[in-house]
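Everything on this sheet refers to the single structure shown next.
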Amino acid sequence: MQPTNPISTEQIQIWLNTHCGIKGQVSELVGDVDHNYRCQSDTQAYTVKIAHVSDLSEFAFETALLQHIADSADPSLSLPLPVLNKDDNWLSVVSQHNDQLTVMRVLKWVEGSLWSEYSPHAEPLLTHLGHQTARLNLSLQHFEHPDATRPFEWDLAQCLWVKNYSDLFTADQCITLKHFIGLFEAQENNYQSLRKQVIHNDLNDNNVLLQTDEKDRPHVNGFIDFGDAICTQLINELAIAVAYGIMHKADPLLAAAQIVQGYHQINPLQDEELVQLYQLVGMRLVVSVTQAAIAKTKNPDNAYKTISEQAAWHVLNLWKNIHPRFAYYQFRAVCGFSPHPEQQTLESHLLQTKVTLSQMFPEHHNKPHVHVVDLSVGSTLLGAAAEYEDHDHQSFKIDQLQKKVPDHFLAGGYCEARSFYASDAFSIEGNTGKEYRTMHLGLDVWLPAKTAIHAPLAGKVVGLHNNAFKRDYGPTIILAHEYTLASGKPALFYTLYGHLSQTTLELHTVGDDIQSGQLLAWVGEPHENGGWSPHLHFQIVHDLLGKINDFPGACTPNHLSVMKGICPNPKHLFSYLEPASTQIQNNHKLIEYRHNHLGKSLSLAYSEPIQMLRGDDVYLIDHLGQKYLDTCNNVAHVGHEQPQVVAAGQAQMAVLNTNSRYLHPAIVEFTQNLLATLPAQLSVVHLVNSGSEANELALRMAKAFNGGDDVIALESGYHGNSNACINISSYKFDGKGGQGAPNNTHIVPLPDSFRGRHRGQSCASAYGAYVDQIIEKLSAENKQLSAFIAESIVSCGGQIELPAGYLQQVYQSVRTAGGVCIADEVQVGCGRIGSHFWAFEPHDVVPDILTIGKPIGNGHPLAVVVCTREVADRFANGMEYFNTFGGNPVSATIGNAVLNVIKQHRLQDNALTTGHFLKQQLKQMMAVHPIIKDVRGQGLFLGFELCDDDLNPLPQKASYLADRMRDLGVLISTDGPDHNVIKIKPPISFNKNHAQELLKRLSQVFNETAMQ
């Protein structure tokens, strides 16, 4: 029982010293039955538990249990081992009043963070919780004690006492509680026969401890508080761990499955236990909320009793919305069993039944073959989003394909990842951000509207639902069919027919018997197919899970393994070819091939690389159809696969692509539109293929202008991957594998006003002086300065804005010395900064040479060098400059389309307004998350720097942030010489809604334990 009066920490210190010879600082902890304390001595920490009892025999079971743990615990587990007193006993009677004994027990403190105080609980951690729970149970497997079986309200085997407290809850709460109580009672006889042993019985989120390894990866290192241990059904232990492990998860079933999978890997579970697990998780939560409700009536101030109440109710309601059999199938799947226990039986039945599509569509009996239609993420038949959203265009494509193969059914789609499902209508909030139900679970067959569909199998109509009021989809019919289980008992499976004509509703009613070959329905019109080309959606379903009217035709990748078990492949019934082109490529095999046959220096983004197959505006879409908000790909300047740009390139490519020695209006039109964005001094254009090539040509021009070989460049600058560009790129030659600066390259300090050599708003002249020093040195050595080159905002240096006045001072010094000023706007130009089209303009300077990179081609290999007439004339010394692909009609057309899109869609204005909003929100975030020490940049070229309070860089936290954002569906990356800057440079079609999505996920990660 709870001690009546609190015991002072001073008294605890006296008892510890008297009975155990332990001295240290004592602090009070929360507790339920006991008073709990922590004692920190000079060498280690202890848990001190004080209880009032009438007889020491009450501790016999706990004492024996802890001794067993001390002797046999798994070495990977840290557990609270008993500390003996001066008399070599664990129990110390510290006072006695009448028949009541005050007893002190001391345990070794188990180091670690509480599960409840750590986030996130990612999949590896959930799996490890399962591992460690199983190891704990194996350690206790052979422990027996006469007191291990006792009446105990927290024993799930005795949980039906909660039925007596329904008056403490609202009507809605009672419905939830009765749901789980009813399930438990229905299975109670089978439950009582499950295997039993002593278990911890209270692996709640305050009894599970975590530690991190040398790479800051969390793992479960131990468990505490064995006061609730009891001999009961083994599966109860897992149910309790799951009940608390799934709290605060958007998808509790997926989190539960990860814990179950980990447990099964160490201590294999039995099917009879998996059947019970769903309702046992529910009943543990029911017991928890009932105990909390009782505690509030008796002792409203006892926070320990109600600590998990709100979270328990939340997850209880989420858990109730999961069908019990679906949970069972999910648990079977992660344990390596077929999700449905009769899956193989049904598949064998279907294989023996075997029908053809011609039987189903007899008016097309002249089609003996099947041509597989590829609608997967990387499908070129689909084309860009603008194409597949044009339903008339897609219908035309299907019709043209049918004409090419008139003796084939057009069919396919089972387990195909479809990018057009990656929309809000098909999205859910999962445990790692947004997830999309992109995995198609049926077979689509494309046929003319009103094509008659005949039942392939005899059955009974159990579902007839009109979807017209919900979406632009026609009715759905579901037939039930009998088959025989392995045991000889009859059972049902179902076939589902979707996208039907409205006239189908006049044919049947629920309950009708349907004969094999009987007219069942007609294929719907396009408006009954969501606007798509007419087709039938056919699906085999082993268990409808109570969803007669809305059984899903698609699922998220995370639930695909279990849904494949519920919805068998229609190939078991129909003879059709598997679509080889849509088979998902294994990431590990792709990585292995790259390592073996591509250059060793070719890197991959993220610790878990992503297989990207499609782009759509500000999103990239992976091989499973999952969307990632792209905040770091400035090459797709006006959006990934921007429709106008793609169409312009396709159209010109179909007509002509040749070199610039022939006259063509495209190169002139592009040049005119480009020059219209520039100061009059920059008037001559050279078209090339990449930013590297542009900077290489700029260096040649500078040398031709003044004969000099020496170049001044910025520390941490990057200008391309050709030899000449590497030689002026400090980011490369001062980094890993670099050889240092060549003799004719002179690096000046990065003008970083936040954490550089000189700081503050008036540091421009101090940084400019370094350029003057080099010019003086070159003059003293009789060397001619060739050029000064710098990005107008330094990207690889960490999104560094050049201080006001810096470029004016440097350009004047360089020109006085006869040098050429090169502005590298490969990354920051073309309206990205919002306030101006070019990032040099706010500095009130005009470079002699401007280099523009791939963003001008939106990813197409197009780049530009623009220079003054004087520079161009000196470069034209008689040697022809020719570039085979530079200025070809396709590239020029694409470049012109990019400029038109920026203007027509007001993307420069968008970069200004969205960038301003995002920058201001990031600055507000600094106040909440002090590791953000600086936010900088302009428009949609932003960065923020992570440092400690002494401005030491935090690259590990930056790396963690980037990886976690990737987990949450946002692509972001690090930069800067210390790799502690997060850069944000998305397509400039990135709008306020996208910015809010980015900010939401950033806030989520900044609140995680590793970022504190």
**Q.** Condition check for L620: buried (at least 19 other Cβ atoms within 10 Å of the Cβ) and assigned by TED's automatic domain parsing to the domain that holds I789
**A.** no
Here the residues within segment 89-112 that are within 13 Å of T63 (Cα to Cα) and in a loop (DSSP other than H, G, I, E, B) are N89, W90
Within segment 385-406, the count of residues that are part of a helix (DSSP H, G or I) and in contact with a Phe, Trp or Tyr (Cβ under 8 Å, 6 or more places away or on another chain) comes to 7
The number of residues in segment 13-41 that are surrounded by 15 or more Cβ atoms within 10 Å (Cβ to Cβ) and either among the basic types (K, R) or touching a Cys at 6+ places or on another chain (Cβ under 7 Å) (or both) is 5
The strands (runs of 3 or more DSSP E) lying wholly within segment 441-522 that contain at least 1 residues that are surrounded by 15 or more Cβ atoms within 10 Å (Cβ to Cβ) and among the polar types (S, T, N, Q) are 476-484, 490-498
Among residues of segment 561-588 being surrounded by fewer than 20 Cβ atoms within 10 Å (Cβ to Cβ) and more than 22 Å from L357 (Cα to Cα), the residue modelled with the lowest pLDDT is Q583
Counting only residues in segment 330-358 that are assigned to a helix (DSSP H, G or I) and touching a Ser or Thr at 6+ places or on another chain (Cβ under 9 Å), the one surrounded by the fewest Cβ atoms within 10 Å (Cβ to Cβ) is identified as Q344
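Table: residues versus (1) free of Cβ contacts under 8 Å to residues at least 40 places away in the same chain; (2) in contact with a Phe, Trp or Tyr (Cβ under 8 Å, 6 or more places away or on another chain).
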site: L492; (1), (2): yes, yes
site: D512; (1), (2): no, no
site: E525; (1), (2): no, no
site: H535; (1), (2): no, yes
site: F538; (1), (2): no, yes
Scanning segment 780-803 for residues that are of a type in the set (A, V, I, L, M) and touching a Gly at 6+ places or on another chain (Cβ under 6 Å) gives L785, A787
When restricted to P751, P847, the only residue buried (at least 24 other Cβ atoms within 10 Å of the Cβ) and under 30 Å from L862 (Cβ atoms) is P847
Within segment 832-844, the residues that are under 16 Å from L682 (Cβ atoms) and either β-branched (V, I, T) or buried (at least 24 other Cβ atoms within 10 Å of the Cβ) (or both) are W838, A839, F840
- Query: Quick check: is even one residue across segment 889-907 surrounded by fewer than 21 Cβ atoms within 10 Å (Cβ to Cβ), among the polar types (S, T, N, Q) and under 20 Å from D617 (Cα atoms)?
  - Reply: yes
Requiring at least 2 residues that are without any contact (Cβ under 8 Å) to a residue 12 or more places away in the chain, the helices (runs of 4 or more DSSP H) wholly within segment 667-768 are 723-726
Residue hits (segment 46-83; touching a residue at least 24 places away in the same chain (Cβ under 8 Å) and in a loop (DSSP other than H, G, I, E, B)) are S54, D55, A73, D74, S76, L77, L79, P80, L81, V83
Flagged in segment 417-431 as more than 30 Å from T380 (Cβ to Cβ) and part of a loop (DSSP other than H, G, I, E, B), in numbering order, are N431
In segment 134-166, anything within 29 Å of C335 (Cα to Cα), assigned to a helix (DSSP H, G or I) and not hydrophobic (A, V, I, L, M, F, W, C) is listed as R135, N137, S139, Q158
A careful count of residues in segment 598-624 that are at pLDDT 90 or above and over 17 Å from D967 (Cβ atoms) gives 6
Scanning segment 42-72 for residues that are closer than 14 Å to V83 by Cβ and surrounded by fewer than 19 Cβ atoms within 10 Å (Cβ to Cβ), the one farthest from the chain's Cα centre (by Cα) turns out to be T63
Going through segment 915-950 in order, the residues found to be surrounded by fewer than 24 Cβ atoms within 10 Å (Cβ to Cβ) and either hydroxyl-bearing (S, T, Y) or assigned to a loop (DSSP other than H, G, I, E, B) (or both) are H929, P930, I931, D948, D949, D950
Over segment 773-795, the set of residues in a helix (DSSP H, G or I) and crowded, with 18+ Cβ neighbours inside 10 Å is I774, I775, L778
- Quick check: anything in segment 406-413 within 30 Å of S561 (Cβ to Cβ), modelled with pLDDT of 90 or more and within 30 Å of the chain's Cα centre (by Cα)? yes
Taking the condition part of a loop (DSSP other than H, G, I, E, B) and surrounded by fewer than 20 Cβ atoms within 10 Å (Cβ to Cβ), does N206 pass? yes
Checking S730, S716, S690 in turn, the sole residue that is of a type in the set (G, A, S), in contact with a Pro (Cβ under 8 Å, 6 or more places away or on another chain), within 20 Å of L807 (Cβ to Cβ) and surrounded by 17 or more Cβ atoms within 10 Å (Cβ to Cβ) turns out to be S716
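The values are calculated or read from the model by the stated rules, or taken from the named source; none is laboratory data. Remember, predicted model here, so these are calculated numbers, not experimental data. Ideal geometry is used to build each Cβ from the backbone, glycine not excepted, and the neighbour counts take in all protein chains shown.
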